[in-house]
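Trainee: Please find one structure pasted underneath; my questions will follow.
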Amino acid sequence: MALINEFNKIINEIQEKEATYTRIAVVGQPGAGKSSLINNLIGKKVAETGQVTDVTRKATEYKFNFLTIVDLPGYGTQLFSFEKWKTEFEPQKYDVLIYVFSGKLLEEDNKLFTSIKLWNEKIRRPLFLVRNHCTDIETEEDKNRVKRDVLEKLDYDKPLNVYFIDCGRNKTGIKDLKKDVEDPTFINLWKSRILAKFEEAKKSYLSNSHYWACDDIDTYKKMASLNGINPFFGADIAVDVGIYLKMFKDIRERYGIDDDDFRLYYALPVAKKLAELLSKNGVLVLIKSFGTRFTAKTVLKYVPFLGQAASATISWKLAKYAGDDYNSKCYALATEVLDNEIKKRTKSLDCI
Ligand SMILES: Nc1nc2c(ncn2[C@@H]2O[C@H](COP(=O)(O)OP(=O)(O)OP(=O)(O)O)[C@@H](O)[C@H]2O)c(=O)[nH]1
Ligand SMILES: [Mg+2]
């Protein structure tokens, strides 16, 4: 079960590395009031706050009911340019983002908005937009302007609420925000994060295997055309199919598919097809089917006499045809196997 074992090793590593609970990150400019907001949500002064910039210098986690809320440093400071901040704190690894702003939106905020859009293409996280220090804003009209401005710059593809809060002496809007942040549907968000990682791992496993299998096929194509080993189809084919059996074995190994994987998935039509190609007879059937794909005209161009060895071009084409066919079948089988492993793992995550 090389394929199954190998993939399970990969997803075990992901599961060990990823937090199995929902994490909310609080992000924004320095001094916007991120740490103050956390204190107000939790109802206790747990995070340090202050007038100077870079008060928060590392990611700090706090328990917040069933959630973990993470205080991140501000970006666009001497310590953390936006790029450095993004690389160091990987905001995309959190399940929910709270974006806090207070004064003007800067270039750094635009960079965050662009990043959010990119992250959303992979996995869409709930996003809260929070305008802190809202007692600064005097009229409803000004509030609407602030709202319009941030939504325009963020250019989100669905409507979002903007929470106006104040963490100073005149507490405002915190209760409403708290109610929405404690959304019970967030309990399971960490699962979708982990599942997305499994899917990513599956894709990269498959594309890697496919890449190296194509590399093998290239080698065999060259070998085949040099040796002119291939058949003259339509006639009684006496072919050296050994080279095909070897090529198929190499391709299969690139996917890590071994006999045990085969046995387990034998019921699948694609596994049956692959199993047939383990024998000389199976290979001959495939080669014959290649013959029917090419018109006699094309064939005759290269092979003037019945029974004569095929030309280099035909040999090359046949090796490519057989290799690509086998490669796509291995890809299909491996996809089924990995999908099934992910399904099994998803069920076990439900028990956590
Ligand atoms: N009046 C008023 N003061 C606030 C409000 N929110 C935060 N402050 C004050 O603003 C200062 C900065 O707040 P912090 O919560 O430390 O800001 P931060 O975003 O965590 O800052 P960094 O960690 O440096 O990025 C502190 O002195 C807070 O007491 C608010 O809504 N109104
Ligand atoms: Mg802070």
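Trainee: Would you mind stating whether LEU160 is assigned to a strand (DSSP E or B), within 18 Å of VAL27 (Cβ to Cβ) and away from ligand 2 (no atom under 16 Å from the Cβ)?
Mentor: The answer is no for LEU160.
Trainee: Would you confirm, using the coordinates I've provided, whether ASP109 is among the acidic types (Asp, Glu), part of a helix (DSSP H, G or I) and more than 16 Å from ligand 2 (Cβ to nearest atom)?
Mentor: Yes; evaluated as a whole, the condition is true for this residue.
Trainee: Okay, next question. Just to be sure before I move on: is LYS63 free of Cβ contacts under 8 Å to residues at least 60 places away in the same chain, in a loop (DSSP other than H, G, I, E, B) and away from ligand 1 (no atom under 11 Å from the Cβ) in the structure I sent?
Mentor: Criteria not met by LYS63.
Trainee: Please identify the pairs in which a residue from segment 121-145 that is farther than 15 Å from TYR156 by Cβ has its Cβ atom under 8 Å from the Cβ atom of a residue that is polar (S, T, N, Q) and within 16 Å of ligand 2 (Cβ to nearest atom), counting only partners at least 6 apart or on another chain.
Mentor: From segment 121-145, the pairs are ARG131/SER102; ASN132/SER36; ASN132/SER102; HIS133/SER102; ASP136/SER102.
Trainee: Just give me the residues in segment 24-49 being surrounded by fewer than 19 Cβ atoms within 10 Å (Cβ to Cβ), more than 8 Å from ligand 2 (Cβ to nearest atom) and part of a loop (DSSP other than H, G, I, E, B), in sequence order.
Mentor: Selection gives GLY43, LYS44, LYS45, VAL46.
Trainee: Which pairs turn up if I take residues in segment 25-36 that are at positive phi and look for partners that are within 8 Å of ligand 2 (Cβ to nearest atom) with beta carbon separation below 6 Å, at least 6 apart in sequence or on another chain?
Mentor: Close Cβ pairs satisfying both conditions: GLY28/LYS34.
Trainee: Those residues that are at pLDDT 95 or above, more than 17 Å from PHE113 (Cα to Cα) and more than 13 Å from ligand 2 (Cβ to nearest atom), I need them from segment 68-100; list them, please.
Mentor: Within segment 68-100, THR68, GLU88 qualify.
Trainee: Just to be sure before I move on: is TYR21 closer than 26 Å to ILE194 by Cβ, assigned to a loop (DSSP other than H, G, I, E, B) and more than 10 Å from ligand 1 (Cβ to nearest atom) in the structure I sent?
Mentor: yes
The values are calculated or read from the model by the stated rules, or taken from the named source; none is laboratory data. Given the structure is predicted, the values throughout are model-derived calculations rather than measurements. Counting neighbours? That spans all protein chains shown, and the Cβs are built from the backbone with ideal geometry, glycine included.
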